[in-house]
Amino acid sequence: MSLLDKLKEAIEFDSIEVEVPAWGETFFVTPLSVQELSKLQKRFPDFLLNSSVEAAVELIMMKAMNKDGEKAFTLEHKPFLLRQRATIIMQFYGVLVGSVLQEDPEKNLETTRLD
């Protein structure tokens, strides 16, 4: 298998299931890619070092999918996400950033429940 084939195959990420009981919803997310991280860092330069709640909301909107693999949130949702309890947003954000900081294939198969 060529290096290019290996790189293409590596893009196939496992989904992480994120349960948000406060919203009565389950979302599916994939680990943050370099391309997505770059996009966020253009808007929020200290994204991984000094996260803001707005950056967390942007990341959630970018990554959260429904069970059909479609984006769960649109720009219409953003003002309402910004008014949610910070603990819910930051826990969801923690799952997404945790997939960057600690890539563990076994962990990616589990469901994460946000209480």
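No value in this document is a laboratory result; all are computed from the given coordinates. The model shown is predicted, which means the values in this text are computed figures rather than measured ones. Ideal geometry is used to build each Cβ from the backbone, glycine not excepted, and the neighbour counts take in all protein chains shown.
Non-local lysine pairs in the chain, meaning eight or more places apart or on different chains, with alpha-carbon distances under 24 Å, amount to 19.
Couplings for the stretch 67-75, taken from phi via the Karplus curve 6.51 cos²θ - 1.76 cosθ + 1.60 with θ = phi - 60°, read 5, 8, x, 9, 4, 7, 10, 10, 4 Hz in order; Gly and Pro are left as x. Between amide H atoms placed 1.01 Å from N, distances below 5 Å from residue 27 occur with 18, 19, 20, all of them 5 or more places distant or on a separate chain. Taking a quarter of the surface of the Cα convex hull of the chain gives a mean projected area of 8.0 nm².
Most exposed first by the Cβ proxy, i.e. fewest other Cβ within 10 Å, how do 20, 29, 34 rank? Sorted ascending by nearby Cβ count, the order is 34, 20, 29. Which listed residue (33, 95, 47) has the Cα farthest towards the positive end of the charge dipole for the chain, taking +1 on Lys and Arg C-beta and -1 on Asp and Glu C-beta about the Cα centre? Highest projection toward the positive end goes to 47.
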